[in-house]
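Step one of this worksheet: look at the structure below.
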Amino acid sequence: MASFETPDPHFADRIRESFHRQPFMHLIGAELADVQAGAVEIHLPHRAEVTQQHGYFHGGVIGTIADNACGYAAYTLAPADHSVLTVEYKLNLMSPGTGERLVARGTVLRPGRTLVVTRADVFSVRDGTEKLAATALATMMLMAGMDDGPAEKKPNGR
């Protein structure tokens, strides 16, 4: 994996705080497991509420944690006064999401001043064995001057 330098020495705390402010991550039960410069890992335990009719993890949930892993991997390299938004992503579902949990590993492929190209691999974990379930390729936009702090502390609530 490539080694990246980040302009914010407190990036890991900033990433964790931002992740914990996402109501949807709480709703689906996702957990931020690891944060490094240019990479994050998100875990999602199996629960019936995040499956589809065959009992597999729902493709939308797989896409959600892939998108979040890509976004937060990009965000680790952003200055503290920036935020990040997804510009686009493509998801390839390669095998059914089964097992006890999903693990999404997001990494930065190419950092830029405005656009960051990222990748996330999502694995199904069964009995300690990982199987690749999906791969996403995403482009993230860094937004200068729009920090990711809580909305209630901002003038317009945004």
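If you check Gln52 against the conditions, is it open to solvent by 30 Å² or more (accessible area, probe 1.4 Å), in contact with a helix residue (DSSP H, G or I) (Cβ under 9 Å, 6 or more places away or on another chain) and over 21 Å from Val108 (Cα atoms)? So Gln52 passes the test. Of all residue pairs spaced 6 or more apart or on separate chains, those with beta-carbon atoms under 7 Å, a first member in the stretch 119-145 that is closer than 18 Å to Ile65 by Cα and a second member that is aromatic (Phe, Trp, Tyr) and open to solvent by 10 Å² or more (accessible area, probe 1.4 Å) are Glu130/Phe123; Lys131/Phe123; Leu132/Phe123; Ala133/Phe123; Ala136/Tyr89; Leu137/Tyr89; Ala138/Tyr89.
So, Leu27, is that one loosely packed, with under 13 Cβ neighbours inside 10 Å and not in a loop (DSSP other than H, G, I, E, B) or not? Yes. In the set Gly145, Gly71, Gly60, only one residue is modelled with pLDDT of 95 or more, of a type in the set (Gly, Ala, Ser) and exposed (fewer than 15 other Cβ atoms within 10 Å of the Cβ); that residue is Gly60. All of (1) open to solvent by less than 30 Å² (accessible area, probe 1.4 Å); (2) touching a strand residue (DSSP E or B) at 6+ places or on another chain (Cβ under 8 Å); (3) in a loop (DSSP other than H, G, I, E, B); (4) not hydroxyl-bearing (Ser, Thr, Tyr) hold for Phe4 with one exception: (1). Scanning the stretch 86-105 for residues that are farther than 10 Å from Val122 by Cβ and charged (D, E, K, R) returns Glu88, Lys90, Glu100, Arg101. With respect to (1) surrounded by fewer than 16 Cβ atoms within 10 Å (Cβ to Cβ); (2) touching a residue at least 24 places away in the same chain (Cβ under 8 Å), the lone exception for Val116 is condition (1). In the set Gly99, Gly55, only one residue is over 22 Å from Thr139 (Cα atoms), in contact with a His (Cβ under 7 Å, 6 or more places away or on another chain) and either of a type in the set (Phe, Trp, Tyr) or part of a loop (DSSP other than H, G, I, E, B) (or both); that residue is Gly99. Could we say that Ser95 is in contact with a Lys or Arg (Cβ under 7 Å, 6 or more places away or on another chain) and either open to solvent by less than 80 Å² (accessible area, probe 1.4 Å) or in contact (Cβ under 8 Å) with a residue 60 or more places away in the chain (or both) here? Yes. Scanning the stretch 53-94 for residues being more than 11 Å from the chain's Cα centre (by Cα) and among the acidic types (Asp, Glu) gives a total of 2. Among the residues making up the stretch 102-133, a single one is over 15 Å from the mean Cα position of the chain (by Cα), of a type in the set (Asp, Glu) and part of a strand (DSSP E or B): Glu130.
The values are calculated or read from the model by the stated rules, or taken from the named source; none is laboratory data. None of the values given here were measured: they were computed from a predicted structure. Glycine also receives a Cβ, built like all others from the backbone with ideal geometry; neighbour counts cover every protein chain displayed. The area values use the complete protein model at the heavy-atom level, side chains included, leaving out ligands, DNA and RNA. Shrake-Rupley method; radii C 1.70, N 1.55, O 1.52, S 1.80 Å.
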